[in-house]
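Quick notes on the structure that follows.
Laboratory data are not the source of any read-out in this text; all were calculated from the coordinates shown. Worth saying up front: this structure is predicted, and the values here are computed from it rather than measured. Glycine also receives a Cβ, built like all others from the backbone with ideal geometry; neighbour counts cover every protein chain displayed.
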Amino acid sequence: MRILKYLIFLFLIVAIGLSIYVAIQPDDYKIVKTRIINAPKPVIYEYVNNLENWNKWSVWFDHDPQMVIDYGATTKGENASFKWNSNILGKGTITTTYISKDSIRQRLDFIKPKETIAHRFWSFVETTSQNGVLVTSGIEGKLSFTDKFIILFQNSMEHSFDVDFNNGLIKLDSVIRADMKKYTISTIGKTEYGGGYYLYQTTSARINETNIASEKMFQEIEAFMEQNYLHPSGDGFTLYQQTDTLNNSVIFSAGVPIKEKVITPVGSTILCGFIPSGSYFKTVMKGDYININEAWSKTREAIKNNNFEVDPQRDSFESYVVTEDETANPAALISEIYIPIKEKVEIYPDTIEN
């Protein structure tokens, strides 16, 4: 009996000591993970800022693909929110409480399995040395006595957060790089181009360097237009006058449509031209410009398959509907190809009278 009393007394001492030890542990927790992602900062930012993108990369959706999401009145910027309900991850709400160009903060209100509050935080810092963006993802909050007791023996919550946040950044990186490579090529077919006046510069370059040369030309045309209070009437384009695949060279013009004819100063490298209206075979490519050669090949193939004949008296051109000035995501770029075609001549059999 005496031994039992000693054992009970010893157990009480251990329990009291353990309780004191748990109680004096830090009440706060903070978990931070970082990763360099080689993508434009605005693209990465959009994947985090727009809560509708979270199902593409958040590991929560891997843990429970059947999780029910109910989006709030807005899904981007401050006050963006969604509610989640999951048999595995419980129930709660996430709300964006602060945004800047370099950081985002969000509040997590857990309802089940127990009520608690946590705060998520993000930062996005461009790195010149590693040619990418340092993305920081973290969470912080308060620990109850029960939380600290469980962590003491299992370390389950911190370990779970640590693994999830690391895997989340890895998946975010992978999804962004894959999405930026997506592109579509749609051969529209015969279309009528209205034509009109345009300002342009002409030069020659290697075939694979036309985009570099045209970028400088467009800048000079835009500067000329600004100085002379001129406004574009359409999308910029590249007009191909002569292509020599054998010598890897091309003569082309960078042009910007304008409403009326302009007489440019004598000696100016900026000239005014006119494209007559006519029939063209049109293709639309959405995605990175590095895929433009494939778009040209598919356009020529479609022209052949549809029994159209290319008109050698007129020049083919590319039109740039959505450019890098408008979006940082290569997958959102839109380019159009126009190849001039001749009108089909319908041949009818001679009428035979009996």
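What are the semi-axes of the equivalent ellipsoid of region 190-305, taken as the square roots of 5 times the eigenvalues of the Cα gyration tensor, listed largest first and rounded to whole Å?
Working: eigenvalues 132, 66, 34 Å².
They are 26, 18, 13 Å, listed largest first.
Each of D109 and S233 was given a label point 7 Å from its Cα along the Cα-to-Cβ line. The distance between the two points is 5.6 nm. With 28 Å as the limit, the listed pairs K190/K216; K33/K112; K216/K261; K171/K286; K30/K114; K101/K282 have K190/K216; K101/K282 beyond it between alpha carbons. Counting Cα-Cα pairs of region 161-214 in 5 Å increments starting at 0 gives whole-percent bin shares of 4, 11, 9, 8, 12, 18, 9, 8, 7, 6, 4, 3, 0.
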